[in-house]
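Data block below; observations after.
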Amino acid sequence: MRDGSGLGDTAFTQNRTEPLHRWVPWIAGFSSSFVGSVLEAASDRDPADILVLDPFAGVGTTLVEAVERGHNSVGFEINPYAALVCRTKMSCLMYDLNLFQRALRAFRERMADSARRAPKAQPPREFSSRVPFFSPAVERKVLHVLDFIARVSHLHLAPGRRARNEDATPWLRDVFRVALGAVMVGFSNYSYEPSLGRRASAGKDDILDADVAGILASKLDEMLKDMVQAQLRAGSLGWKPKARVLADSFLTHYEQAGVGTVDFLITSPPYLNNYHYIRNTRPHLFWLGLVEKRSQLAEMEQVSFGKFWQTVRSGPRIELEATCDGLAEALEDLRGRNPEKGIYGGSGWANYAASYFNDCLAFCRAAKRVMKPGGTMVVVIGNNILQGIELQTDRLLAQIAEGCGFDTVALHRVRTKRTGSSIVRSSVRVGKAGDRVELYETAIELKARQAGIA
């Protein structure tokens, strides 16, 4: 680890200027430097002998850093948009970038001539929003972009291309879809505050028109530069590390990582803060053609880690399976808070918390199965406040992991976020917490025991 005080700042905002990491904005995750500080522990070993796992891969911070150090990596990600981004980053080492350059040139030419044509693409049928997501002028331009993406296979970019690039068409489509996903909210009538909401609700003017092609081309230029650097770095390794992105839940498909194969597990699972990742990437999922029906979103919600408050609040009582000091008592206290609010009171939030900690138990059991004896697991998590009750999720998760065959090395306080007074008094989390509560993030450092599986 970096020094005696622990690890570096986890803030994902540090990635905004880092090649590959900067491709798309992401509300959660951790910095590339944080992952690097964890992997320093493997600096005296043959990089090719190291397997790095991220069970909640997001947009690929852990996997990118692992590959850049010459390690094999595997990630699980159930959100199709995040998985698309992650997969595209990982695969950029495999293709001749001359193809990408030609496709980008063809895109500029095609879009310059698009004003005279009616687009063939149609808005996604089952996508809806309170106000039109795009203005009519912007939507027309976005549809022309989708037309181009659909026609990539007809561009004849490289008639004499080498055999290894024969399957480049799907990858090129993915690159353009990632770029569009990265910039589309910026010229929509919505913005992140941090949840996705109407610009008007945040006091911002709607976007009536925008240079969609120019904005997208600039993003693609940035991505191309990053790919060139990545391929140069990969060429200096002397071998080509393997990276896999699995669009499955780690909790139920963990064996795909390989039982007893993982040296480092570095991750940040969804927090107990009810940030709705699926809902906040809904425009990307529909407009990029990753889902077609609203029912697909509901299916994803059912397999999401911890579920969502909206998913479990009105269901039958969820019993706690995890055993931790004081957790059962805290959830009973939570269940009795604000009963007059029905499912919006403590009973709904207790269901949510019980589901969350039950998934923490399932996660730790699965993690122990895939880890090598003595392997390192680092989990970044924050404390939380529900209905005025603070839950020290880091301490509780460490206890759950110890019961599943891990030893706690340290709880590194890596970041203090903000005081809890505003959150305690806000929205459905309102309660009667009498003391000022500091919100923080902890990197829980654990070691897999040599024997025994819980």
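The values are calculated or read from the model by the stated rules, or taken from the named source; none is laboratory data. These numbers come from a predicted model, not from an experiment. For neighbour counting, all protein chains shown are included, and Cβ atoms are generated from backbone atoms with ideal geometry for every residue, glycine included.
Scanning region 305-351 for residues that are free of Cβ contacts under 8 Å to residues at least 40 places away in the same chain and touching a Leu at 6+ places or on another chain (Cβ under 7 Å) yields LEU320, ALA328, LEU331, ALA350. Each residue in region 83-112 was checked for being within 11 Å of LEU172 (Cα to Cα), among the hydrophobic types (A, V, I, L, M, F, W, C) and part of a helix (DSSP H, G or I), and 5 pass. Which one is surrounded by the most Cβ atoms within 10 Å (Cβ to Cβ) among residues in region 13-41 that are under 25 Å from MET371 (Cβ atoms) and modelled with pLDDT under 85? It comes out as PHE30.
The single condition among (1) of a type outside the set (Ser, Thr, Tyr); (2) over 21 Å from ARG16 (Cα atoms); (3) surrounded by fewer than 18 Cβ atoms within 10 Å (Cβ to Cβ) that GLN229 does not satisfy is (2). Looking across region 377-404 at every residue that is assigned to a helix (DSSP H, G or I) and polar (S, T, N, Q), the one that is farthest from GLN450 (Cα to Cα) is identified as THR393. Per the conditions (1) touching a residue at least 60 places away in the same chain (Cβ under 8 Å); (2) not in a loop (DSSP other than H, G, I, E, B), the sole criterion not satisfied by VAL64 is (1). Might you check whether a residue that is among the charged types (D, E, K, R) and within 25 Å of ASN274 (Cβ to Cβ) occurs anywhere in region 391-406? There is at least one residue in region 391-406 that is among the charged types (D, E, K, R) and within 25 Å of ASN274 (Cβ to Cβ). Put simply, of GLY289, GLY306 the only residue that is at pLDDT below 95 and at positive phi is GLY306. Among the residues in region 203-210, are any farther than 30 Å from ALA398 by Cα and touching a Phe, Trp or Tyr at 6+ places or on another chain (Cβ under 6 Å)? Checking region 203-210: at least one residue is farther than 30 Å from ALA398 by Cα and touching a Phe, Trp or Tyr at 6+ places or on another chain (Cβ under 6 Å). Within region 309-329, the set of residues being over 29 Å from the mean Cα position of the chain (by Cα) and within 17 Å of ILE389 (Cβ to Cβ) comprises ASP325, GLY326, ALA328, GLU329. Do you know which residues across region 113-149 are part of a helix (DSSP H, G or I), closer than 21 Å to ARG173 by Cα and at pLDDT below 95? If the condition is that a residue be part of a helix (DSSP H, G or I), closer than 21 Å to ARG173 by Cα and at pLDDT below 95, then SER114 is the only one that fits. Taken as a whole, the structure places ARG116 among residues that are assigned by TED's automatic domain parsing to the domain that holds ALA230, within 22 Å of ALA210 (Cα to Cα) and among the basic types (Lys, Arg). Being more than 24 Å from VAL24 (Cβ to Cβ) and crowded, with 16+ Cβ neighbours inside 10 Å is the requirement here; does SER135 meet it? So SER135 does not fit the description; no.
Does region 82-92 include one or more residues that are modelled with pLDDT under 95, buried (at least 22 other Cβ atoms within 10 Å of the Cβ), more than 20 Å from SER236 (Cα to Cα) and out of contact with any Cys (no Cβ under 6 Å at 6 or more places or on another chain)? No.
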